[in-house]
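See structure below.
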Amino acid sequence: MGGITYKKILYGELFFVQILLLTVDEKERNNGYGTNLMRYVMSSYNKIAVYSDYGAISFYQKLGFKANILLFNEIKDVLSTEINCIFLCYGFD
């Protein structure tokens, strides 16, 4: 069906989680499973970072994630790096 993995990060006094993988079986997509997995994490942690592939940007934006280059520049050294993705975050306002 699907799953999610993330890691907890403490950077100075900033505590957040980084989503490492969110996957839903292709046959089960668009049934709300990915949204439910993300809402579960969002109910437990108020600051979340993710590298989104370009096809999933609108999914994360619907959940309230935004691009934040200033934050990215501040924390990029502690993130697990991904290529061909865009950095998005939630709850860092």
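Rule-based calculations on the coordinates, nothing more; no lab input. Because the structure is predicted, anything quoted here is derived from the model rather than measured. Don't worry about glycine lacking a Cβ; one is built from the backbone with ideal geometry, like all the others, and counts go over all protein chains shown.
Could you list, in sequence order, all residues of the range 43-93 that are more than 15 Å from residue 18 (Cβ to Cβ) and either touching a residue at least 60 places away in the same chain (Cβ under 8 Å) or among the aromatic types (Phe, Trp, Tyr) (or both)?
Passing the criteria: 54, 59.
Let's see how each residue does on (1) surrounded by 15 or more Cβ atoms within 10 Å (Cβ to Cβ); (2) free of Cβ contacts under 8 Å to residues at least 40 places away in the same chain:
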| residue | (1), (2) |
| --- | --- |
| 4 | yes, yes |
| 11 | no, no |
| 37 | yes, yes |
| 40 | no, yes |
